[in-house]
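The values are calculated or read from the model by the stated rules, or taken from the named source; none is laboratory data. Here the structure is a predicted model, which is why all the values come from computation and not from measurement. All Cβ positions, even for glycine, are placed from backbone atoms using ideal geometry, and neighbour counts span all protein chains on display. Ligands, DNA and RNA are stripped out before the accessible areas are found, and what is left, the full protein with its side chains, is counted by its heavy atoms. Shrake-Rupley method; radii C 1.70, N 1.55, O 1.52, S 1.80 Å.
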Amino acid sequence: MSENIERIKTLIIGSGPAGYTAAIYASRADLNPVLYTGMEPGGQLTTTTEVDNFPGYPEGIDGPTMMMQLQQQAERFGTEVRIGMITATELSDKVGGIHKVTVDNDKVIEAETIIISTGATAKYLGIPSEQKLRGGGVSACAVCDGFFYKKQDVAIVGAGDTAAEEASYLSNICNKVTMLVRKDYMRASKAMQHRVESIPNIEIKYNTEVDEVLGDQVVEGLRMVNNQTGEKQDIAITGLFIAIGHKPNTDIFAGQLNMDETGYLITEGKSTKTNLPGVFACGDAQDKDYRQAVTAAGTGCMAALDAERYLASIETPEEVA
């Protein structure tokens, strides 16, 4: 076998809570998993300063430390964690078939099973002041970080169902929620629109965009601009939540795995099975509804168990090298 081709039993693509949990279970089941971290080792949680809602951490933990501990736990049971990016895939549609992936446009991995945990990337506005204060009051997850802004004034950007749901969630925690909607209407369902409109401490500003996030080390305010009149207004806030959507990191599987219209991988029923035998998807790459670390970890466990059962149900084509 060529030096640039390696045959393994289980390949895990991605290194967030889903990937590392899959690795823990797969390695304990003697699947000898190899995990490639991707471009963002540790996933989205590495940009989160405090994680307070993951079970088992009564005092909370910062995201990078939590991901490092998950990696160490996976390695303890034998997972081989490698830095690298999967740049091409050739997935088999046969039961017992061998799936081929290319790492960094060079090395080829042949795997009997693949667990996809590539996650999703939150969409941001892209303005410099927003990027500077990510982790300092700018967040893309109200459910994750809203607690830290209890009884404070915050703002949220977005006009869809997710933005409306998160504004409603924040209204129960925060003193006031200012909702910025770029157009003169919301894209959210009528039911969600009626909900936010009926909540007294939510103020909706239409035709309004973020001009600048104010603050040096942490968010101290927001400069808004009316995109019809050009009028600018400053408000004092301590948190800014961006709710303009997520993009699943699944482009590399397009044309091979079933996806919905936005790119989330479709799995069968309550399992992590994709439309191809031996290929399983977990975490935010297939979950557009919950997007929490704990749910991602749960599906990572499921994917490893599904992979173990799949391998037990087939006759291995040839011995793993």
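Assorted remarks:
- Straight-distance crosslink candidates among lysines, where the alpha carbon sits under 16 Å from Lys100 and sequence neighbours closer than 8 are dropped: Lys9
- Based on C-alpha pairs under 8 angstrom that are at least 6 apart in sequence, region 223-284 has a relative contact order of 18 percent.
- Percentage, to the nearest whole number, of Cα pairs in region 119-252 over 22 Å apart: 32
- Environment charge at Ile173 (Cβ cut-off 13 Å; Lys +1, Arg +1, Asp -1, Glu -1): -1
- Under the span-like rule (Cα at least 24 Å along the axis, Kyte-Doolittle mean at least 0.5), DSSP H helices of the chain: 293-313
- Listed pairs Lys123/Lys205; Lys151/Lys183; Lys247/Lys288; Lys205/Lys288; Lys205/Lys232; Lys151/Lys176 exceeding 19 Å between Cα atoms: Lys123/Lys205; Lys151/Lys183; Lys205/Lys288
- Taking every alpha-carbon pair under 8 Å whose residues sit at least 6 apart, region 28-112 reaches a relative contact order of 27 percent.
- 33 Å tail of the calculated P(r), the chain, as % of Cα pairs: 33
- Lone cysteines, the chain (no partner Cβ under 4.7 Å): Cys174, Cys282, Cys301
- Residue order for Ser189, Ser313, Ser271 - accessible surface, 1.4 angstrom probe, largest first: Ser313, Ser189, Ser271
- Whole-number D in µm²/s for region 151-230 (Stokes-Einstein; Kirkwood sum over Cα pairs; 25 °C, 0.890 mPa s): 191
- The protection proxy used here, the mean number of other Cβ atoms lying within 10 Å of each residue, ranks peptides 19-28, 235-244, 261-270 as follows, highest first: 19-28, 235-244, 261-270.
- Average 1/r across all pairs of distinct alpha carbons in region 58-192, invert it, and you get the Kirkwood radius: 19.1 Å.
- Charge sum, other residues only, whose C-beta stays under 9 Å from Ala120's C-beta, Lys/Arg counted +1 and Asp/Glu -1: +1
- Global size of region 176-321: 22.2, 69 Å for Rg and Dmax (C-alpha atoms, Rg to one decimal, Dmax whole).
- Contact order, relative form, for the chain: 21 percent (alpha carbon pairs under 8 Å, 6 or more residues apart, mean separation divided by residue count).
- When the solvent-accessible area of the chain is split by element, carbon and sulfur atoms take up 48 percent of it, the probe being 1.4 Å.
- Charge dipole (the chain, unit charges on Cβ, about Cα centre) - positive-most of Ser313, Tyr290, Gly255: Tyr290
- Net charge contributed by nearby residues that have their C-beta within less than 15 Å of Arg76 (K/R +1, D/E -1): -2
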